[in-house]
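The values are calculated or read from the model by the stated rules, or taken from the named source; none is laboratory data. All values reported here derive from a predicted model rather than from experimental measurement. For neighbour counting, all protein chains shown are included, and Cβ atoms are generated from backbone atoms with ideal geometry for every residue, glycine included.
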Amino acid sequence: MAVFSFLFMGASLLPVIAHGNNHQGPLVPRTWEGKSYGCKCYFGDECWPTPKRWKALNATVGGNLAVIVPPESACHNFFNGTLGTIPTYDTAKCAEVTANYPSEQWINEQDATLMWKYFTNSSCVPTTDPSSACTPGYYGTYVIRATEKAHIKAGVDFARKNHLRLIVRNTGHDFMGRSTGWGALVINTHRFQDVKFIQSWNGGPGGYTGSAVTVGAGVQGRALLRQAVAQNPPVTVVTGECPTVGIAGGFVQGGGHGPLTTIFGLAADTALSFDVITADGRFVTADEQTNPDLFWALKGGGPGTYGVVVSASFKTFAERHSAGATLYINSTLTTNATVFWEGVRIFHGLANYFVDNGLYVYFSIGPGSLRVRPFVAFNQTSAQLEAVLAPLKADLTAAGVPFYSAPAVQYSSFFDLYLDLFEDESAGPPTLTSGWVFGRADVDNNNDGIVEAMKTAISPRADLVNQGYMVGHLFGAGHNPQPAGISATNPRFRTASDLLLYLIPLPTDATLAQKADMQNVLAHTVDRAMMEAAPNGCAYVNEADPFQENWQDHFWGPSVYPTLKQTKKAWDPEGVFYAISTPGTEQWEVIEYGTRLCKKL
Ligand SMILES: Cc1cc2nc3c(=O)[nH]c(=O)nc-3n(C[C@H](O)[C@H](O)[C@H](O)COP(=O)(O)OP(=O)(O)OC[C@H]3O[C@@H](n4cnc5c(N)ncnc54)[C@H](O)[C@@H]3O)c2cc1C
Ligand SMILES: *[C@@H]1O[C@H](CO)[C@@H](O)[C@H](O)[C@H]1NC(C)=O
Ligand SMILES: *[C@@H]1O[C@H](CO)[C@@H](O)[C@H](O)[C@H]1NC(C)=O
Ligand SMILES: *[C@@H]1O[C@H](CO)[C@@H](O)[C@H](O)[C@H]1NC(C)=O
Ligand SMILES: *[C@@H]1O[C@H](CO)[C@@H](O)[C@H](O)[C@H]1NC(C)=O
Ligand SMILES: *[C@@H]1O[C@H](CO)[C@@H](O)[C@H](O)[C@H]1NC(C)=O
Ligand SMILES: *[C@@H]1O[C@H](CO)[C@@H](O)[C@H](O)[C@H]1NC(C)=O
């Protein structure tokens, strides 16, 4: 705590000039690469709130305002922050941070730390050299550790009035850097952990009266499933495959797919209601009757764009027995690349077939390794799943492709399967991530072309052989027909059967030039190969290249995007909220090497 009060004093030493009554002055004029901008207000700018104002904000949020000091700073002598320099070295804390660094849950519980480090700029990392630099990189300046909706409102009001960059941060999973922002005020929603199950919901979409659950903004997937299966009778919910992704934050606001999507649709399709703090600081409900435009936009229309979700309600479904299986092809079995890729071709060619038979399939592909873990068959027996997998195994055997596959296992509940077969993923090194969704027609007509694009993702360039890897999800969000337009997601998502992520790791100390080069490879070699192989596809809002061209079309398409853009304008006309490549952000740009958020003039 001494650290924070020291910082607070440090702040007052900065040459900051108090600015009149600090109310909605103009954006800060700047020129960058010959163009004129009006920028958000940052430390060092005249408009930056005085220490007195920050202190008043802290009082409003019950003392829950903190300066963002990266936990990694414990391994460094100093944190050279935006508000001054503080001594940070702490042997025990450094050991704790280093040991926990790969742990998803540990990262989720920090103020601002991201799981995927690329968008932090890796400017403060665990080290054995305490004299090395520790600077904020792309992290924010202050965080509100919100515990009540009034704290969220106070943060939104303060950011709006002072033109601060505002970031909403839940678990820090975002692959696309949307839960961090240089010099920002961050609202951390992770402490909103209430869960309430409801036997019969009163009047949801289409007169829904079935069972439901209301979750706080910070609730995570596995924690919710654990409580759901403990209900009487046991129920389940559409969450992500990842145990630690949130539910009411970026997940549902981007659409949200998971192991039950083939059966029950996207998470967005199961949403019943949201409680939201709006850009103008109001607390509103959004459901089918009240604020239906906002309700629809929150169901896949882009994260952190229309308001801050405080809690959300979803349909729940009766738990059922489920069957699961795994399949591996790797170098223990064959090091022959022709044989390996023939195995991938056979597996992937059955994507539509698996989905038509009610399956969800999670897999990863690295150099010489296909790891399918697991095949999920909700409400099926192990015998049913074995029957579904029989053609796959027969085709592999006929082609002389060796594989490991233990017999399918039947679980008494989907949750037992989930615990047994889905694994915690570890936080990664700086990695560029992109993804593409393959249409069913693409799999039918051009599976060979898709497999060629996969080879490109593994080895994108002569000097990048075997550097890439992929993570895939076979599901059919349209398998169980959903009313058209139920969610603000791309209609092409409904006629797809595979969402494939492809990733290229970078060195932690990559230069700006190396980053630009790799981004170029990602966009112009790998993305292009995927898009050309699967022209009926689209991109998933949460798992794609944030810098891609035509994101409006790839994420939403012409029948959805214009309405979302209008909804953004109606609910956030000034641009209090900003997340890259989300509706209505065409005028905004992050300039000066990933730092200042500015409006093009
Ligand atoms: C290992 C891993 C596995 C994944 N698995 C899946 C999966 O199975 N299915 C799937 O669909 N996606 C998956 N994702 C992607 C995931 O859905 C996105 O990263 C999502 O944005 C995470 O949301 P969050 O709220 O947990 O994370 P954060 O990174 O904290 O937030 C993400 C975005 O949501 C905004 N946001 C967060 N909370 C709120 C709120 N209360 N109100 C308004 N905006 C908010 C943030 O501002 C940011 O823009 C996975 C990601 C990872 C890293
Ligand atoms: C906010 O107030 C709390 C409680 O008084 C204090 O511990 C904390 O350091 C303050 N935050 C800042 C940024 O000064
Ligand atoms: C951080 O601040 C300390 C103390 O003022 C200084 O010695 C050090 O050079 C600074 N490091 C960087 C990276 O600016
Ligand atoms: C981000 O990292 C690059 C090196 O890759 C460095 O040149 C730049 O100054 C860093 N920016 C910030 C804000 O830390
Ligand atoms: C290949 O997969 C099998 C089955 O999971 C595993 O036992 C083996 O270690 C794997 N081999 C390699 C090289 O990863
Ligand atoms: C790999 O397998 C293919 C197909 O069976 C075969 O034609 C080829 O000779 C093998 N390559 C090597 C290096 O063994
Ligand atoms: C589960 O299977 C049974 C029998 O096959 C069927 O009647 C029921 O509708 C299925 N439930 C779901 C949710 O798919």
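Here are the numbers:
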read-out	value
The stretch 339-369 - residue that is part of a loop (DSSP other than H, G, I, E, B) and under 27 Å from the mean Cα position of the chain (by Cα) and, of those, surrounded by the most Cβ atoms within 10 Å (Cβ to Cβ)	Leu359
Residue that is surrounded by 24 or more Cβ atoms within 10 Å (Cβ to Cβ), under 16 Å from Phe317 (Cα atoms) and either among the hydroxyl-bearing types (Ser, Thr, Tyr) or at pLDDT 95 or above (or both), where the choices are Thr236, Thr214	Thr236
Residue list for the stretch 379-411, restricted to those being surrounded by 18 or more Cβ atoms within 10 Å (Cβ to Cβ) and within 20 Å of Thr338 (Cα to Cα)	Leu392, Leu396, Val401, Phe403
Output for the stretch 198-257, where each listed residue is part of a helix (DSSP H, G or I), within 23 Å of Gln289 (Cβ to Cβ) and in contact with a helix residue (DSSP H, G or I) (Cβ under 8 Å, 6 or more places away or on another chain)	Val252, Gln253
Some residue of the stretch 516-532 being out of contact with any Cys (no Cβ under 7 Å at 6 or more places or on another chain) and in a loop (DSSP other than H, G, I, E, B)	no
Out of Val308, Val276, sole residue that is within 27 Å of Gln552 (Cα to Cα), assigned by TED's automatic domain parsing to the domain that holds Ala212 and free of Cβ contacts under 8 Å to residues at least 60 places away in the same chain	Val276
Residues of the stretch 492-515 classified as surrounded by fewer than 17 Cβ atoms within 10 Å (Cβ to Cβ), in a helix (DSSP H, G or I) and touching a residue at least 24 places away in the same chain (Cβ under 8 Å), total	1
Residue match in the stretch 392-410 (condition: under 30 Å from Gln231 (Cα atoms), outside the structural domain of Cys242 (by TED's automatic domain parsing), of a type in the set (Phe, Trp, Tyr) and not in a helix (DSSP H, G or I))	no
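Let's see how each residue does on (1) among the β-branched types (Val, Ile, Thr); (2) in a helix (DSSP H, G or I); (3) not assigned by TED's automatic domain parsing to the domain that holds Val219:
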| residue | (1), (2), (3) |
| --- | --- |
| Leu114 | no, no, yes |
| Pro126 | no, no, yes |
| Ser131 | no, no, yes |
| Thr147 | yes, no, yes |
| Asp157 | no, yes, yes |
| Gly172 | no, no, yes |
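Let's see how each residue does on (1) more than 19 Å from the chain's Cα centre (by Cα); (2) surrounded by fewer than 17 Cβ atoms within 10 Å (Cβ to Cβ):
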| position | (1), (2) |
| --- | --- |
| Thr261 | no, no |
| Asp269 | no, no |
| Val276 | yes, no |
| Ile329 | yes, no |
| Ala337 | yes, yes |
